[in-house]
Amino acid sequence: MTLPESRGDTYRISLVCLGNICRSPMAEAVLRARLDEAGLSGRVAVDSAGTGSWHVGEPADPRARAALRRRGYDGEAHRARQLGASWFDSHDLVLALDHANLATLLAMAPTPDAAHHVRLLRSFDESVTDRDDHAVPDPYYGTDADFDTGLDIIERAADGLVDALRWHLGADQAW
Ligand code: 4NP
């Protein structure tokens, strides 16, 4: 999938869910690890935020941290933040974890160009078909298994996103 152009030397990505304590911190930890493995961590910066303010300043949900630990990822340093209008200037790609987050981001985008930098994380999951839901389901009222299922989805989407970034940044280098 074609990525929006970067507006600086570093490609800046933000992952956005509702509370910034479950899905987007998990996605941030997974994407960071995948970028590290791909040798791209020096060229891509990753952070996360929530559309809501309820959990600002809190660590990731203990169930999200446990799910990350079970697979060897680190989400311990996370503190929840709420995104603001500056997100569209400070990031090249703003990735929503579900359709409600996507709608919030598109409504906040100040210009059509800003909206062009907003996508669903799962649009990078190459296993998704038109018949699948393109969201990472909200596990907040769910079980540990729901957090693991969320991580499965996030891992597949992160793999597709890293492939897209590898191509995009490689193509940049060729110029
Ligand atoms: P997240 O999960 O959006 O994946 O961080 C949620 C966290 C908190 C709430 C809902 C979802 N909440 O209603 O407080």
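The values are calculated or read from the model by the stated rules, or taken from the named source; none is laboratory data. Since the structure is predicted, the reported quantities are computational estimates derived from the model, not experimental observations. Cβ placement follows ideal geometry from the backbone for every residue including glycine, while neighbour counts extend to all protein chains displayed. The area values use the complete protein model at the heavy-atom level, side chains included, leaving out ligands, DNA and RNA. Shrake-Rupley method; radii C 1.70, N 1.55, O 1.52, S 1.80 Å.
Can you tell me what percent of all Cα-Cα pairs in the chain are more than 25 Å apart? So the pairs more than 25 Å apart make up 26 percent of the total in the chain. Extension gain, ARG166 to ASP152: 0.36 nm times the residue separation minus the Cα-Cα distance gives 2.9 nm.
When only Cα pairs under 8 Å and 6 or more residues apart are kept, what is the percent relative contact order across the chain?
Details: 307 pairs, mean separation 46.9, N = 175.
Relative contact order here is 27 percent.
A 1.4 Å probe run over the range 59-175, with the rest of the protein chains in place, finds 52 Å² accessible per residue. Modelled spin-label separation between ARG7 and ASP144, with each label point placed 7 Å from Cα along the Cα-to-Cβ direction: 4.3 nm. Ranking ALA158, ALA115, SER24 by Cα position along the charge dipole of the chain, where only Lys, Arg, Asp and Glu carry charges on their C-beta atoms, puts SER24 farthest toward the positive end.
Percent of accessible area on the chain owned by carbon and sulfur, 1.4 Å probe? In the chain, the share of accessible area belonging to carbon and sulfur is 52 percent. Net length available on complete extension from ALA115 to SER53 is 20.1 nm, with 0.36 nm assigned per residue and the Cα-Cα distance removed. Considering only ASP125, ASP133, ASP92, the Gaussian network model of the chain with Cα springs below 10 Å gives its largest mean-square fluctuation to ASP133.
What is the local net charge at ARG65, summed over the other residues whose Cβ is closer than 14 Å to its Cβ (Lys, Arg +1; Asp, Glu -1)? Kindly include the intermediate steps, with their values, before the conclusion.
Values: positive: ARG23, ARG63, ARG69, ARG70, ARG71, ARG79; negative: GLU28, GLU58, ASP61, ASP74, GLU76, ASP144, ASP148.
For residues surrounding ARG65, the net value is -1.
Taking 0.36 nm per residue of separation and subtracting the Cα-Cα distance, what length does fully extending ALA77 through HIS99 add? Don't skip to the end; give the middle numbers.
Values: separation 22, 0.36 × 22 = 7.92 nm, distance 2.71 nm.
Fully extending the segment from ALA77 to HIS99 adds 5.2 nm.
Using only the Cα atoms, work out Rg/Rh for the range 5-67, with Rh taken as the Kirkwood radius, to two decimals. Intermediate values should be presented prior to the final figure.
Details: Rg = 12.7 Å, Rh = 12.4 Å.
Looking at the range 5-67, the ratio lands at 1.02.
Distance between the pseudo-spin-label points of ALA66 and SER127 (7 Å out from Cα toward the beta carbon): 2.4 nm.
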